[in-house]
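Presented below is the structure to which this report refers.
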Amino acid sequence: MLGDWSAGPLKIIIEGQSYELDDAVTNPKLRDVKYLIRETRGKDIPPVTPLSIQKMFVDLGEKMKDPKFDQNAWLFDDTVLDNLQGVMWLAKRKAGEDLAFDDVSVPMTGFSFEDDEVEPDPKDIPDPVV
């Protein structure tokens, strides 16, 4: 529904539990989007939306291509932190969990992202014909 964010991860692991991200971020329930905006509006930064979450992942992906980029700097950016909380909340809501936005309180070491793409086993790749 919201567009291609192929630079983004496909799963988020939150305290050992795996959640699908693609559908949670690209096809959220309208009620959840309204709640998310209402909960994050009024701060010094723009409200969190599915599009802002997608933009965050695309922007971080671009920045990480720069070898001089401090990979820990994003952990201190309010916009990124609110969007991370938003993506966790949307993923949990999509999985059927009933929780408030502020209930998503995860240690910085309590989550990770995972890509579903599996590298093929070299044994399964045919030899090139010479």
Taking the Cβ of Glu97 as the center, what net charge do the other residues with Cβ under 12 Å away carry, scoring Lys and Arg +1 and Asp and Glu -1?
-> 0
Please name which of Leu84, Phe113, Ile53 has its Cα lying farthest along the dipole of the range 11-115 towards the positive end, using unit charges on Cβ (Lys, Arg +1; Asp, Glu -1) and the Cα centre as origin.
-> Ile53
DSSP loop chymotrypsin sites (Phe, Trp or Tyr not before Pro) in the range 1-104 with at most 15 other Cβ atoms within 10 Å of their Cβ, which ones?
-> Phe69
About the Cα centre of the range 11-115, what is the dipole size in debye to 20, counting +1 per Lys and Arg Cβ and -1 per Asp and Glu Cβ, all else neutral?
-> 360 debye
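Each value in this text was obtained by applying a stated rule to the coordinates, not by laboratory testing. In this text the structure is predicted, and so the values were computed from the model without any measurement. No Cβ is skipped: glycine too gets one built from the backbone with ideal geometry, and neighbour counts run over all protein chains shown.
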